[in-house]
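**Q** Sharing a structure below in structure tokens format, with a few things to ask.
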Amino acid sequence: MEVKQVIVVRRDLNMRKGKIAAQVAHASIKVILEMMSKKPMLHGTMEKWSLLLTKNTPLHEWLNNNFTKVVVYVHSLEQLLTLRDNAESIGIPTALMVDSGFTEFHGEKTVTALAIGPDDVKKIDKVTKDLPLL
């Protein structure tokens, strides 16, 4: 199975290159973290996080092979949210990255990026194949 992850960045925000790099990295890991489950530990208030990594699943293949990532862009929040909805409608995991606004965006929380996958390339291409590379 060929697997990849696509990160979609909002170009309308005119983020600095370093900010884009950070948002792409945050989105890429956020989707994995959202796949994890948390359970209370037996002692105290700590939580134990775990990730079920079943062989021959897209996540397992991605983590144990090439970690393929592609970064593309859209021109609006609306386009980003439509992509998220389209991906989720066919079962692809997604994660929206919302920036706190401390260094850019005048203190306002702002949706900056979207991670799509990791999942099967053919599935992801149904949603992202026409998007331009960043």
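The values are calculated or read from the model by the stated rules, or taken from the named source; none is laboratory data. Quantities reported herein were computed from a predicted structural model and do not represent experimental measurements. Counting neighbours? That spans all protein chains shown, and the Cβs are built from the backbone with ideal geometry, glycine included.
**Q** Give me the pairs: first residue in the range 105-120 and free of Cβ contacts under 8 Å to residues at least 12 places away in the same chain and surrounded by 18 or more Cβ atoms within 10 Å (Cβ to Cβ), second residue in a strand (DSSP E or B) and among the basic types (Lys, Arg), beta-carbon distance under 9 Å, and six or more apart or on different chains, which are they?
**A** From residues that are free of Cβ contacts under 8 Å to residues at least 12 places away in the same chain and surrounded by 18 or more Cβ atoms within 10 Å (Cβ to Cβ), there are no pairs.
**Q** Next question. Among the residues of the range 87-102, write down those that are touching a residue at least 24 places away in the same chain (Cβ under 8 Å), touching a helix residue (DSSP H, G or I) at 6+ places or on another chain (Cβ under 7 Å) and more than 18 Å from residue 28 (Cβ to Cβ).
**A** 90
**Q** Could I ask something else about it? If you scan the range 72-86, which residues turn out to be touching a residue at least 60 places away in the same chain (Cβ under 8 Å) and either hydroxyl-bearing (Ser, Thr, Tyr) or within 18 Å of residue 2 (Cβ to Cβ) (or both)?
**A** Answer for the range 72-86, where residues must be touching a residue at least 60 places away in the same chain (Cβ under 8 Å) and either hydroxyl-bearing (Ser, Thr, Tyr) or within 18 Å of residue 2 (Cβ to Cβ) (or both): 72, 73, 76.
Rundown of residues vs (1) aliphatic (A, V, I, L, M); (2) in contact with a His (Cβ under 6 Å, 6 or more places away or on another chain); (3) under 19 Å from residue 17 (Cα atoms), yes/no style:
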| residue | (1), (2), (3) |
| --- | --- |
| 74 | yes, no, yes |
| 86 | no, no, no |
| 101 | no, no, yes |
| 117 | no, no, no |
| 125 | no, no, no |
| 129 | no, no, no |
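**Q** Scan the range 1-26 for residues that are closer than 21 Å to residue 79 by Cα, touching a residue at least 24 places away in the same chain (Cβ under 8 Å), over 14 Å from the mean Cα position of the chain (by Cα) and not in a helix (DSSP H, G or I) and report the count.
**A** Counting residues in the range 1-26 that are closer than 21 Å to residue 79 by Cα, touching a residue at least 24 places away in the same chain (Cβ under 8 Å), over 14 Å from the mean Cα position of the chain (by Cα) and not in a helix (DSSP H, G or I) gives 2.
**Q** Can you tell me which residue in the range 85-114 is nearest to the chain's Cα centre (by Cα), limited to those that are of a type outside the set (Phe, Trp, Tyr) and at positive phi?
**A** My answer is 91.
**Q** Yes or no: the range 74-81 includes at least one residue that is of a type outside the set (Ser, Thr, Tyr) and at pLDDT below 95. Walk me through how you get there before you give the answer.
**A** Filtering the range 74-81 for residues of a type outside the set (Ser, Thr, Tyr) gives 74-75, 77-81.
Subsequent filtering for residues that are at pLDDT below 95 retains none.
Looking through the range 74-81, none of the residues is of a type outside the set (Ser, Thr, Tyr) and at pLDDT below 95.
**Q** Further, regarding this structure: From the residues in the range 62-77 that are of a type outside the set (A, V, I, L, M, F, W, C) and surrounded by fewer than 18 Cβ atoms within 10 Å (Cβ to Cβ), which one is nearest to residue 94 (Cα to Cα)?
**A** Our first condition is that a residue be of a type outside the set (A, V, I, L, M, F, W, C); within the range 62-77, this holds for 64-66, 68-69, 73, 75-76.
Narrowing further to those that are surrounded by fewer than 18 Cβ atoms within 10 Å (Cβ to Cβ): 64-66, 68-69, 75-76.
Details: 64: 20, 65: 20, 66: 19, 68: 16, 69: 14, 75: 19, 76: 17 Å.
Top of the filtered list is 69.
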